[in-house]
Amino acid sequence: MDRAEKREFVADLNQVFSNTGSVVVAHYAGLTVAQMNDLRSKMRTAGGTVKVAKNRLAKIALQGTPSEGIQALFEGQTLIAYSDDPVAAPKVASDFAKGNDNLVILGGAMGATALDADGVKALATMPSLDELRAKIVGMISTPATRIAQVVNAPAGQLARVFGAYSKKDEAA
């Protein structure tokens, strides 16, 4: 990398550390190219990104960002996974690490909060924004459905009573 590429890389990472919902830092030593591509495609599907981090440049990019407290994680062969949804990147990274021992989650950040490996795993168990939105819509629509059923119930009962009387008259 020449100086211009390094400056661009640092500026891009600075934006990532400043603006994303969450960042996960992990060691990836031993991952094959196919496994790395699989991780990238899963992360992309979830709305996140995976980048191999150049430690020195990542530490420079962290300066002045809310995530500055995770500089110590950048030792050895590291990658970063990030997403705007605070749960997406930790969820994909944790799921991938369960099936692959070569991806070791070191920690991460969610805004100004530095997370250790257990914090990232705890964040991964939370529902995503889309799941929360679906639950809220379900909670809102359920009472409306019940109100419609209650309002329609007396009319249904009247219809059954009239039907019973008409059958009784036909039988007599």
query: Restricted to segment 98-124, and to residues that are among the aliphatic types (A, V, I, L, M) and in a helix (DSSP H, G or I), which residue is surrounded by the fewest Cβ atoms within 10 Å (Cβ to Cβ)?
result: Ala122
query: Tell me, which residue of segment 9-25 that is among the polar types (S, T, N, Q) and not in a helix (DSSP H, G or I) is surrounded by the fewest Cβ atoms within 10 Å (Cβ to Cβ)?
result: Thr20
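Among the residues of segment 26-39, which ones are touching a residue at least 60 places away in the same chain (Cβ under 8 Å) and in a helix (DSSP H, G or I)?
Residues satisfying the conditions are Gln35, Leu39.
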message: Restricting to segment 67-93, name every residue that is touching a strand residue (DSSP E or B) at 6+ places or on another chain (Cβ under 7 Å) and part of a helix (DSSP H, G or I).
response: Gly69, Ile70, Leu73, Ala88, Ala89, Pro90, Val92, Ala93
query: Which residue, of Val33, Val50, is in the same structural domain as Gly107 (by the TED database) and open to solvent by 70 Å² or more (accessible area, probe 1.4 Å)?
result: Val33
query: Quick one: would you say Asp2 is open to solvent by 40 Å² or more (accessible area, probe 1.4 Å), in contact with a Gly (Cβ under 7 Å, 6 or more places away or on another chain) and free of Cβ contacts under 8 Å to residues at least 24 places away in the same chain?
result: no
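The values are calculated or read from the model by the stated rules, or taken from the named source; none is laboratory data. This one's a predicted model, so the numbers in the text were calculated from it and none came from an experiment. Cβ sites come from the backbone with ideal geometry, for glycine too, and all protein chains shown count toward neighbours. Heads up: the accessible areas ignore ligands, DNA and RNA and are worked out on the full protein's heavy atoms, side chains in. Shrake-Rupley method; radii C 1.70, N 1.55, O 1.52, S 1.80 Å.
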